[in-house]
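Worksheet for the structure shown next.
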Amino acid sequence: MNTTDAKRVLETALICAPQPLSVRELGTLFDMEVSADTLKTLLADLQLEWTGRGVELVQVATGWRFQSRPELRPYLDRLHPEKPPRYSRAAMETLAIIAYRQPVTRGDMEDIRGVTINSLIIKQLEDRGWIEVIGHRETVGRPALFATTRQFLDDLGLASLDQLPPLDGSEVQESALDRLDFESLANSLPSDPPDLDVPESDLFVVADPVTTDPISPPSDPQLLEPSTQEDHDPGSNPTQPT
């Protein structure tokens with residue numbers, strides 16, 4: 001098979017695939033007769049060929065995929081006019097802490113945020129597939145250690161944690177939410193938004209699932225602002241969907 005035909009096969013498979021495909025999975029298209037290095041070269045060529053088009057070929061944590069470009073979101077939104085899913089400030093701040101300080105325990109997160117974290121916030125992030133327990137700290141009570149998942153990186157459009165915007169030392173209070181680019185976090189979100197009984201000012205609006213437009217954070221989130229109140233996440237009402 002020549003290079004042109006091989007790229008056509010890769011292009012077709014990636015466009016038709018419902019999720020990212022790894023180099024190993026793409027190798028099965030050719031009965032493993034094409035080396036991984038050759039596949040990566042072909043993928044890089046495809047990236048260049050799609051430059052300037054409405055969609056782009058990107059590498060994320062679990063493989064390669066085609067996705068729409070952010071600047072086309074206003075047009076694609078017309079196909080999905082329904083109200084997008086929303087997540088509470090508490091949930092997104094907790095996610096940001098895990099992303100930058102992982103692995104962390106719930107106690108670590110509470111120390112950083114200065115508030116008690118509602119257990120249902122952790123469950124909400126786990127159910128979404130953004131965080132998981134990767135072990136336990138060898139101390140009294142053996143608390144669970146949380147870290148982000150490959151799904152989290154996929155939804156951010158990142159290949160690895162190294163691509164997260166850097167923080168300056170311990171200056172997390174400068175707002176991890178501002179530094180952490182949540183572009184593409186809306187990918188694969190459920191189409192029907194949860195009915196959240198919380199003030200509009202405490203919500204992050206997540207972009208439409210067919211685009212890669214970022215979450216819109218509040219203008220001045222204070223990640224480490226001390227507080228004596230416990231988080232009240234939308235999940236705290238057992239009658240609300242998670």
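The values are calculated or read from the model by the stated rules, or taken from the named source; none is laboratory data. For clarity, every value in this text was computed on a predicted model and none was experimentally measured. What goes into the accessible areas is simple: the full protein's heavy atoms, side chains included, and nothing from ligands, DNA or RNA. Shrake-Rupley method; radii C 1.70, N 1.55, O 1.52, S 1.80 Å.
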message: Using a 1.4 Å probe on the protein heavy atoms, what percent of the accessible area of the stretch 26-163 belongs to carbon and sulfur?
response: 51 percent
query: At what distance in angstrom do the alpha carbon centres of the stretch 100-167 and the stretch 1-28 lie from each other?
result: 33 Å
query: Taking only protein heavy atoms and a 1.4 Å probe, what accessible area per residue, in Å², does the stretch 30-69 have with all protein chains in place?
result: 53 Å²
message: How long are the semi-axes of the equivalent ellipsoid of the stretch 4-117, taking √(5λ) for every eigenvalue λ of the Cα gyration tensor, in whole Å from largest down?
response: 37, 22, 11
query: Can you list the equivalent-ellipsoid semi-axes of the stretch 1-68, largest first and in whole Å, using the square root of 5 times each Cα gyration tensor eigenvalue?
result: 18, 14, 10
